[in-house]
Amino acid sequence: MIDFKNEAEALREKVIAFRRDFHQHPEIAFQEVRTSSIVADELRRLGLEVQTGIGKTGVVAILEGNSDGPTVLVRADMDALPIQEENQTEYVSQHPGKMHACGHDGHTAIALGVANLFAKYRDHIKGRIKFVFQPAEEIGSGATAMIKDGALENPRPDVSLGLHLWNTMPLGTLGVADGPVMAGSSSFSVTITGKGGHAAIPHECIDPVPVAAQIILALQTIVSRSISPQDNAVVSVTKLSASDAYNIIPEQVTLAGTFRFFKVEVRDVIEKRIREIATGIATASNCTADFWFHHATIPVVNHPDVSAKAREAFKKLVPQELHVHQEPTTGGEDMAFFMHDVPGMFFFVGSANAERGLNYGHHHPKFDFDEDVLPLSVALLASAVADYVMA
Ligand SMILES: [Zn+2]
Ligand SMILES: [Zn+2]
């Protein structure tokens, strides 16, 4: 049996070098041209069969074993964020206004580490590993773009695995759970149309402003009155636009926001209630309501069989007392789309080091993580993969 800890340690310098290079050259959603070409070159060098341009800038690569067996999908995301980095490290972003502030530079480097590790042991693999490097996770579009371009076909994976470095947990801890671990995310807007006019003669207008106010308050009842107390959801109205003057009653008011959920059925109830509540209140006030909905991601749901197997593998690398039960987060993650079609497991690797100041949250301009997490994550992910293709 392979000693994953030692193998991953041997790749430490290489994985850190990849991560720092990606960190210095961040590319945001669907612009991951440099990153994906480095990824593709490395995978070709390792002898994998590589396809580029999947989902615009995505890369799919297959490491074929020496006999038949299952296909395991390993997914990493490559995109950065439109944030000005405020760190002063030697590997700080070289591109103003762009930054790897979520750890996707680390995810890409880790998956390359896993590819290096298995390329060495190719003759021991029964089946194959399908590496998927996706663009545009931060806008929730990269996974669906790749799936549309056939990332889940020829061959179709039997299981999907992925991870997120997690800066709210200290280095050395591991977040694993069955069932939902991250929320689905949708956004919406409602436009209320009345009749605009002079604020001094409201009786000759149909003022949509108080109508919008009633709708905003009524939307607060969705979570408390329409969703089962056993389920969790968030409905937030975050944007409001009316007239630009003190003395004008606007013709229209638009309110907009986001909602989060851990079941697609809950998402559908929320959308239905937003439509019913806003239409009802608008109609009672002689206004009309028009809607826009955008369903960005669905919840990330771990398959109990896949996570039980992975957890056993993880115990050999991280003692069980450091396996934290991962409370579902209301953040979204488009790994959900791969895992919707292929049973999978998405886990969280603690990456913070408070003593070194490496504990800013994801998407913060000072986000950075302890790089000791990189070899550890290579070992964890590789050991979970090996359970399927080296058993
Ligand atoms: Zn993020
Ligand atoms: Zn992320």
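Quick notes on this structure:
- Short to long, the 10 Å bins of the Cα pair-distance histogram for the stretch 185-296 hold 15, 45, 27, 11, 3 percent of all pairs.
- Peptide ranges 168-177, 236-245 listed from the most packed, as the mean C-beta count within 10 angstrom indicates: 168-177, 236-245
- In terms of overall dimensions, the C-alpha atoms belonging to the chain reach 81, 43, 40 Å along their principal axes, ordered largest to smallest.
- Total lysine pairs under 26 Å (Cα atoms) in the stretch 30-185, excluding pairs fewer than 8 apart on one chain: 5
- Computed from the C-beta positions of R44 and S226, the FRET efficiency with R₀ = 51 Å rounds to 0.45.
- Of all DSSP-defined beta bridges confined to the chain, some 65% are antiparallel rather than parallel.
- Relative to one another, the C-alpha centroids of the stretch 92-145 and the stretch 299-366 are positioned 15 Å apart.
Values quoted throughout were computed directly from the atomic coordinates according to the rules given, and no laboratory measurement underlies them. Please read all numbers here as calculations on a predicted model, not as lab measurements. Backbone-built Cβ (ideal geometry, glycine too); neighbour counts: all protein chains shown.
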